[in-house]
Amino acid sequence: MLSKDIEKVLVSPTEIQSIVKRLGETLTDDYKDKFPLVIGLLKGCVPFMADLLKELDFPLEIDYMNVSSYHGGVESTGDVKIIMDVGTPVKNRHVLIAEDIVDSGRTIRAVAELLHYRGAKEVKIVTLLDKPTGRIVEMTPEYVGVNIPNAFVVGYGLDYEEKYRNLPYVGTLKPQIYSKIKE
Ligand code: IMP
């Protein structure tokens, strides 16, 4: 039913599975002795983080933050708002932020700066998707699942007006979906 709104599948469930497995192996090598705090950025991180955690074979803690930058549209406004803060103290911790997508880089940079300010020992980013051509601020995520072109995508956590997060793949929406909502 939801799939009828999708123009093109960019990252299939099988591709997601192998990306997550690869990231899990790399992160297990890099973090096995660090007892990191993995902070997922809600709401988009949910499917990715759930799958990734199962591939991380070392002691860790998890927590979540909810920050918003898009306010429901398709273009970033650049203002980042904390809706729900992280509960676990980050001081002296190795922090790994889990994000669904990095676009302009503003969200992740604002969060990383805040966590550094609060005394985190190290802050690194793992993102399923990266849109490097969308970058407005300087930000290079340390762990990237896959680079995608500068198009608006939905699925596997990513939404358009809060819908499509539950699709098992990442894809682009048919243009008429935007126009229908705008009418
Ligand atoms: P940035 O601050 O521009 O890097 O955007 C990061 C946030 O914007 C992500 O966590 C998403 O919530 C949202 N976002 C960026 N690109 C897309 C997209 O193509 N589809 C859905 N949400 C997106």
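The values are calculated or read from the model by the stated rules, or taken from the named source; none is laboratory data. Remember, predicted model here, so these are calculated numbers, not experimental data. All Cβ positions, even for glycine, are placed from backbone atoms using ideal geometry, and neighbour counts span all protein chains on display. Please note that ligands, DNA and RNA were not included when accessible areas were found on the heavy atoms of the full protein model with its side chains. Shrake-Rupley method; radii C 1.70, N 1.55, O 1.52, S 1.80 Å.
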Per principal axis, descending, Cα span of segment 13-57 in whole Å:
30, 23, 11
What's the longest bit of the chain with no exposed trypsin sites (Lys or Arg not before Pro), using DSSP loop states and at most 11 other Cβ atoms within 10 Å as the test?
92-183
Within the accessible area of segment 1-74 (1.4 Å probe), percent carbon and sulfur:
55
Considering only the chain, percent of DSSP beta bridges that pair antiparallel, nearest 5
35
Can you give the accessible area per residue of the chain, in Å², using a 1.4 Å probe?
51
Within segment 107-176, percent of DSSP bridges classed antiparallel, to nearest 5
50
Report, to the nearest whole %, how much of the accessible area of segment 79-183 belongs to carbon and sulfur atoms, 1.4 Å probe, protein only.
52
Viscosity 1.567 mPa s, temperature 4 °C, Stokes-Einstein D of the chain from Kirkwood C-alpha radius, µm²/s
77
Considering only protein heavy atoms, with the full assembly of protein chains and a 1.4 angstrom probe, order 172, 26, 14 by accessible area, largest first.
14, 26, 172
Using a 1.4 Å probe and counting only protein heavy atoms, arrange 138, 122, 55 so the residue with the most accessible area comes first.
138, 55, 122
Using the Cβ atoms and a cut-off under 13 Å, what net charge is assigned to the surroundings of residue 50, where Lys and Arg are +1 and Asp and Glu are -1?
0
Convert each backbone phi in segment 92-108 into a coupling constant with the Karplus relation 6.51 cos²θ - 1.76 cosθ + 1.60 (shift: θ = phi - 60°), then list the ³J(HN,Hα) values in order as whole Hz, x for Gly and Pro.
6, 9, 7, 10, 10, 8, 9, 10, 6, 8, 10, 10, 5, x, 5, 4, 5
Using the eigenvalues of the Cα gyration tensor, what equivalent ellipsoid semi-axes result for segment 85-176 when each is taken as the square root of five times the eigenvalue, whole Å, largest first?
27, 14, 11
Can you put 28, 133 in order of accessible area, largest first, using a 1.4 Å probe?
133, 28
